[in-house]
């Protein structure tokens, strides 16, 4: 369980591929990952924050980000209308 999904909580490790999995996060600071060239996936398990068009601001600059996986009972707002050219999976 993590309070905030950010680069402070998930530092950039010198690996080829990085996938972040966070459980019950209350906030996300997507823009803190702007310099992560190796971030390929983000898995959000039971997130506790409200999704809106600003929730993922910053991820659009990550050219290697391939998958955002959401495990949520209720997705509020317009998450599927985001301007992403990524695969978004919603698991419930």
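The values are calculated or read from the model by the stated rules, or taken from the named source; none is laboratory data. Note that the structure is predicted; figures quoted are calculated from it, not measured. Neighbour counts run over all protein chains shown; Cβ positions are idealised from the backbone, glycine included.
Return yes or no: is residue 8 within 10 Å of the chain's Cα centre (by Cα), surrounded by fewer than 15 Cβ atoms within 10 Å (Cβ to Cβ) and modelled with pLDDT of 90 or more?
So residue 8 does not fit the description; no.
Can you name the residue in segment 35-48 that is under 12 Å from the mean Cα position of the chain (by Cα) and either over 12 Å from residue 18 (Cα atoms) or modelled with pLDDT under 85 (or both) and, of all such residues, is surrounded by the fewest Cβ atoms within 10 Å (Cβ to Cβ)?
Ranking the candidates gives 45 first.
How do the pairs read when you match residues in segment 21-34 that are at negative phi with residues anywhere that are part of a helix (DSSP H, G or I) and loosely packed, with under 14 Cβ neighbours inside 10 Å, using Cβ under 8 Å and keeping only pairs 6 or more apart or on different chains?
Short answer, once both residue conditions are applied: 34/61.
Report, by residue number, each residue of segment 11-34 that is in a loop (DSSP other than H, G, I, E, B) and surrounded by 16 or more Cβ atoms within 10 Å (Cβ to Cβ). If you could, list the steps in order and put the result at the bottom.
Initial filter on segment 11-34 (in a loop (DSSP other than H, G, I, E, B)): 11-17, 24-26, 29, 34.
Listed by number, the list holds a single entry, 25.
When you scan segment 64-92, how many residues do you find that are part of a loop (DSSP other than H, G, I, E, B) and at pLDDT below 85?
13
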